[in-house]
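*Asks:* Handing you a structure now.
The values are calculated or read from the model by the stated rules, or taken from the named source; none is laboratory data. All figures in this text were calculated on a predicted structure; none of them were measured in a lab. Glycine also receives a Cβ, built like all others from the backbone with ideal geometry; neighbour counts cover every protein chain displayed.
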Ligand code: AHG
Ligand code: MN
Ligand code: MN
């Protein structure tokens, strides 16, 4: 006879969400409901991502497949299913998505009474879909500032990241994971495909203060500022006592690059370039949620000068230069960017 030790207890995402809610006396279960529905949409998108390699057999995007159904691009599919999940949750008043020009405000009494709005990049790293490389979803949840009982308005989405109630990402990688925080700990859940459940696998993630990975698209070197290029030279210098040269790792899916660096320690940067003086990444649904997670795990996130989470957004799709990851590495990069090194 063997006795199962308590350390083998499986905690599913939904069990975890419900248990976490019990810690808040006045919690109404609405945020829990939203997170549950995000987990559900993630499983639907995951199912489709897993079939992406079969596109040649099932039909290319824009065509009809063998079943006579329209084949959608995966980013459009992901957008649709996160919309459906948020709408069905009845706890979300609207979404600002990378895939929609304007914010989408939900209609109906439940949506008017909903407390939360969501900013989302439904599919991040879309250039990696066709080649079987990790992609992701990024989301941030805010409490609305317009009065409950009326339809949400654009300013509900234009809140600084320091107002986030919860943020997270899903990585569709060698395994599929959901990582999220409601402002205290950062927890990671791995999807067990055999039971179709996200299971707690990475409790209380803390990122190392100093890492040895730098992640940046160096092909833009001729377009970077002198400060950024001096920092890149610093990363490659031989200085064994400080662990340099650092290791270069760049997937081209922000979620995957940030996830790896969060676990192992490192810096992810997408600086301003001559062609894109504001960089490429979007404040509302790429940088803010990931900055929130990185900070809650003990790291740091800046635009080279300012804390990302303190930036007041003025536009749903605004971009910003981005430096985030291990605190000591981000601090050092900022010194170079600001011309102090
Ligand atoms: P998306 O697929 O949502 O448009 O985002 C892609 C982003 C980000 O994930 C990644 O870090 C970056 O684009 C890569 O850009 P470069 O190809 O310019 O390096
Ligand atoms: Mn993206
Ligand atoms: Mn995207």
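*Asks:* Condition test on residue 200, is it surrounded by fewer than 18 Cβ atoms within 10 Å (Cβ to Cβ), at pLDDT 95 or above and not in a loop (DSSP other than H, G, I, E, B)?
*Replies:* Against the criterion (surrounded by fewer than 18 Cβ atoms within 10 Å (Cβ to Cβ), at pLDDT 95 or above and not in a loop (DSSP other than H, G, I, E, B)), residue 200 qualifies.
*Asks:* If I ask for residues that are in contact (Cβ under 8 Å) with a residue 24 or more places away in the chain, farther than 18 Å from residue 96 by Cα and more than 12 Å from ligand 2 (Cβ to nearest atom), which ones from segment 130-147 would you list?
*Replies:* Correct list: 130, 132, 133, 134.
*Asks:* Failed condition for residue 37, given (1) crowded, with 18+ Cβ neighbours inside 10 Å; (2) modelled with pLDDT under 95, with all others met?
*Replies:* (2)
*Asks:* Check residue 149 against each of (1) crowded, with 16+ Cβ neighbours inside 10 Å; (2) away from ligand 3 (no atom under 16 Å from the Cβ) and name the one condition it does not meet.
*Replies:* (1)
*Asks:* Please determine, by comparing only the residues of segment 253-266 that are out of contact with any helix residue (DSSP H, G or I) (no Cβ under 6 Å at 6 or more places or on another chain) and in a loop (DSSP other than H, G, I, E, B), which one is nearest to ligand 1 (Cβ to nearest atom).
*Replies:* Of everything passing the filter in segment 253-266, 266 is nearest to ligand 1 (Cβ to nearest atom).
*Asks:* Right, another one. Any residue at all in segment 150-163 that's part of a loop (DSSP other than H, G, I, E, B) and within 15 Å of ligand 1 (Cβ to nearest atom)?
*Replies:* no
*Asks:* Here's something else I'd like to know. Would you confirm whether any residue within segment 117-129 is in a helix (DSSP H, G or I), touching a helix residue (DSSP H, G or I) at 6+ places or on another chain (Cβ under 6 Å) and under 29 Å from residue 295 (Cα atoms)?
*Replies:* Checked against the condition, which is being in a helix (DSSP H, G or I), touching a helix residue (DSSP H, G or I) at 6+ places or on another chain (Cβ under 6 Å) and under 29 Å from residue 295 (Cα atoms), segment 117-129 yields at least one hit.
*Asks:* Given 233, 291, 269, which one is away from ligand 3 (no atom under 16 Å from the Cβ), assigned to a helix (DSSP H, G or I) and in contact with a strand residue (DSSP E or B) (Cβ under 7 Å, 6 or more places away or on another chain)?
*Replies:* None of the other options fit; the residue is 291.
*Asks:* Of all the residues that make up segment 295-306, how many are surrounded by 21 or more Cβ atoms within 10 Å (Cβ to Cβ) and either under 21 Å from residue 278 (Cα atoms) or more than 16 Å from the chain's Cα centre (by Cα) (or both)?
*Replies:* 5
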